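Asker: Mind having a look at this structure? Questions to follow.
The values are calculated or read from the model by the stated rules, or taken from the named source; none is laboratory data. Just so you know, these numbers come straight off a predicted model, no measurement behind them. As a convention, Cβ positions derive from the backbone with ideal geometry for all residues, glycine included, and neighbour counts pool all protein chains shown. Side chains are part of the model used for accessible areas, which takes the heavy atoms of the whole protein and leaves out ligands, DNA and RNA. Shrake-Rupley method; radii C 1.70, N 1.55, O 1.52, S 1.80 Å.
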Amino acid sequence: DAGITQSPRHKVTETGTPVTLRCHQTENHRYMYWYRQDPGHGLRLIHYSYGVKDTDKGEVSDGYSVSRSKTEDFLLTLESATSSQTSVYFCAISESAGEQFFGPGTRLTVL
Amino acid sequence: AQSVAQPEDQVNVAEGNPLTVKCTYSVSGNPYLFWYVQYPNRGLQFLLKYITGDNLVKGSYGFEAEFNKSQTSFHLKKPSALVSDSALYFCAVRDMNNNAGNMLTFGGGTRLMVKP
């Protein structure tokens with residue numbers, strides 16, 4: 001998976017609790033992305049980063065925040081998890097205008 | 001704005017037969033186009049891309065795709081399907097004139113089922 005790891009790979013949590021997902025890359029790529037995948041919706045962009053401390057919102061950013069303090073790490077935080085945030089979350093990286101490379105995913109269940 | 005449509009939720013094909021997975025796109029400028037494949041419980045794997053040049057693009061695992069500007073399509077094809085090609089396929093587009101974060105927009109996905 002192109003030097004991308006995600007942690008945890010699976011998580012079950014309760015409504016109202018904070019959750020942080022981590023994406024770590026060893027490729028030194030500039031751009032990093034967080035997507036969620038839900039049946040019938042394909043992949044939808046949550047947030048992305050175009051450099052250290054440089055982030056912006058994607059299509060479905062409500063309820064999520066991100067941080068990137070180092071090139072290799074991109075964190076996605078759910079401040080107060082809701083059942084609608086039950087999903088599979090994918091991190092991706094890219095260096096330029098070309099293809100993105102995806103991590104293995106994190107399956108999050110919010111009860 | 002950029003968007004992608006994959007009109008078929010599922011495509012069924014017999015092993016050894018040719019396969020086509022359809023994709024149409026909409027961008028305001030010129031498109032970058034991509035195909036990805038996803039196997040169960042895995043991340044997306046890059047198959048091929050069109051940036052510029054020849055309209056017929058060859059990619060991994062014997063797949064190819066044809067860029068058709070007049071029909072705004074980028075259909076994925078393979079001359080002879082394998083059972084192991086069964087997976088979920090995603091088309092994605094990026095508007096070359098949209099430089100904000102090199103964001104891709106994905107289609108909803110097409111499940112390919114290849115039967116022996």
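Asker: Suppose all protein chains stay in the model; what accessible area per residue would a 1.4 Å probe give for chain A, in Å²?
Answerer: 45 Å²
Asker: Around A:Ser84, with a cut-off of 11 angstrom between Cβ atoms, what is the net charge of the other residues, counting Lys and Arg +1 and Asp and Glu -1?
Answerer: -1
Asker: Before we go on, tell me the buried accessible area for the A/B pair, both chains summed, 1.4 Å probe, in Å² to the nearest 100.
Answerer: 1600 Å²
Asker: Please list the radius of gyration and Dmax for chain A, considering alpha-carbon atoms only, with Å as the unit.
Answerer: Reported Rg and Dmax, both Å: 12.9, 38.
Asker: Given an 8 Å cut-off on Cα distances and at least 6 residues of separation, report the relative contact order of segment B:12-116 as a percent.
Answerer: Working: 231 pairs, mean separation 38.8, N = 105.
37 percent.
Asker: Among the DSSP beta bridges whose two residues both lie in the protein assembly as shown, what percent are antiparallel, rounded to the nearest 5?
Answerer: Restricted to the protein assembly as shown, the bridges split so that about 90 percent are antiparallel.
Asker: Additional query: Here are some pairs, B:Lys49/B:Lys115; A:Lys70/B:Lys49; A:Lys70/B:Lys22; A:Lys11/A:Lys57; A:Lys11/A:Lys70; which of them have Cα atoms lying more than 31 Å apart in this structure?
Answerer: The answer is A:Lys70/B:Lys22.
Asker: State to the nearest 20 debye the size of the charge dipole of chain A about its Cα centre, where the only charges are +1 on K and R beta carbons and -1 on D and E beta carbons.
Answerer: Numbers: 11 positive and 13 negative charges, 41 e Å.
Here chain A has a charge dipole of around 200 debye.
Asker: Return a whole-number percent for the relative contact order of chain A, with Cα pairs under 8 Å and 6 or more residues apart as the contact set.
Answerer: Averaging sequence separation for qualifying contacts and normalising by length gives 36 percent for chain A.
Asker: For segment A:53-106, what does the relative contact order come out to in percent, with C-alpha contacts under 8 Å and a separation of six or more? List each step's numbers first, then the result.
Answerer: Details: 51 pairs, mean separation 12.2, N = 54.
Contact order relative to length: 23 percent.
Asker: Take the solvent-accessible surface of the protein heavy atoms, probe 1.4 Å, and return the percent of it on segment A:54-111 that carbon and sulfur atoms account for.
Answerer: Carbon and sulfur together cover 47 percent of it.
Asker: Keeping all protein chains in the complex and leaving out DNA, RNA and ligands, what accessible area do you get for B:Lys115 with a 1.4 Å probe, in Å² to the nearest 10?
Answerer: Result for B:Lys115: roughly 120 Å² accessible.
Asker: Something else about it: Find out how many positive minus negative residues lie around B:Ser60, taking Lys and Arg as positive, Asp and Glu as negative, among other residues whose Cβ is under 14 Å from that of B:Ser60. Mind showing how you got there, number by number?
Answerer: Numbers: positive: B:Lys49, B:Lys58, B:Lys77, B:Lys78; negative: A:Glu99, B:Glu64, B:Asp85.
That works out to +1.
Asker: How charged is the neighbourhood of A:Asn28? Take every other residue with its Cβ under 14 Å from the Cβ of A:Asn28, and add Lys/Arg as +1 and Asp/Glu as -1.
Answerer: -1
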